[in-house]
Each structure stands twice: as structure tokens, then as C-alpha cells.
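Comments concern the structure below.
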Amino acid sequence: MPDDYEEVLAQARQLGEAIRRHPRYVKLREADQRVRADKAATDALTAYNQAAQEIARKERSGQPVEVDDKRRLQRLRELVAANGSLKAFMAAQADFTELMRKMNETVYSAIGGPRAPASEPRP
């Protein structure tokens, strides 16, 4: 059966190459590069992530989350949402995620199941 194993791996490589050439993946990579080149976008994301982590840390440790903390996080969320590079990235990411979801459904359907094994709780 080693030949079958190698055949599956070869087909997986072909699938990976097809995904790499797919317009949705190309668009995602381009959007990612634009975000990385956009200082305002990276600064906004960094600030948002730091604020969100600080709030999560306070919640885990039982410290109160101040209204100012929540307001700052909301302002940063709005700043992230208003950035054109980040908007384009999020749209491209959603499109690519949909492609991958459909691909996974197709693979699982081909091996005898309608959905991924972890998509339903097991008894």
C-alpha cells in the first residue's frame, strides 16, 4: 500500500498548488501584503489586540474592567473597521475561508460523510 499513500500525498500536493493559484487565495495574499505595508493598519491592529488582551487579562484575574477600558477598545475596534486595507483583508479572508469550507465538505463527502467529523458532538 505504499503506492496508495504516495498517490494520496501527490494529490494533496496538487490540491495545495491549485489552492495557491486560486483567485481567492491570491487576493488574500495580496490583501495581507497591503496590510503589512500599511503602518496605520498595523498600528491599529496592534493597539486593538493589546487593549483586548488587557481586558481579557483583567477578566481572568477577577479585576474590574473599567468603562474607559471598554470605550478605548470600542474606539480601536472602530479604527480597525474603518481602515481600507483591513476591510479588504477581512473580505478576502472571508472569501478564502468559504472556499476552504466548501473544499473540506467535498473531501469529507467523498470519503463517506456529509461533514467534518468534529462538526457534531459525539455521544
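In table form, for the structure just shown:
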| quantity | calculated |
| --- | --- |
| First in the stretch 4-28 and within 20 Å of R101 (Cβ to Cβ) and part of a helix (DSSP H, G or I), second anywhere and among the hydroxyl-bearing types (S, T, Y) and modelled with pLDDT of 95 or more, Cβ under 9 Å, 6 or more apart | I19/Y25 |
| Positions within the stretch 63-73 being loosely packed, with under 14 Cβ neighbours inside 10 Å and in a helix (DSSP H, G or I), in sequence order | V67, D68, K70, R71 |
| Matching residues in the stretch 29-62 - criterion: being outside any helix (DSSP H, G or I) and crowded, with 16+ Cβ neighbours inside 10 Å | D38 |
| Residue pairs meeting the criteria (Cβ under 6 Å; at least 6 apart or on separate chains; first of a type in the set (D, E, K, R), in the stretch 88-107; second surrounded by 12 or more Cβ atoms within 10 Å (Cβ to Cβ) and assigned to a helix (DSSP H, G or I)) | D95/R24 |
| The one condition in (1) of a type outside the set (D, E, K, R); (2) in contact with an Asp or Glu (Cβ under 8 Å, 6 or more places away or on another chain); (3) over 30 Å from A12 (Cα atoms) that A92 fails to fulfil | (3) |
| Candidate set from the stretch 77-123 (those that are more than 24 Å from Q53 (Cα to Cα) and among the acidic types (D, E)); member that is modelled with the lowest pLDDT | E120 |
| Filter result (under 17 Å from the mean Cα position of the chain (by Cα) and either of a type in the set (S, T, Y) or modelled with pLDDT under 95 (or both)) within the stretch 16-62 | Y25, T42, T46, Y48 |
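The values are calculated or read from the model by the stated rules, or taken from the named source; none is laboratory data. Remember, predicted model here, so these are calculated numbers, not experimental data. Note that we place each Cβ from the backbone using ideal geometry, even for glycine, and neighbour counts take in every protein chain shown.
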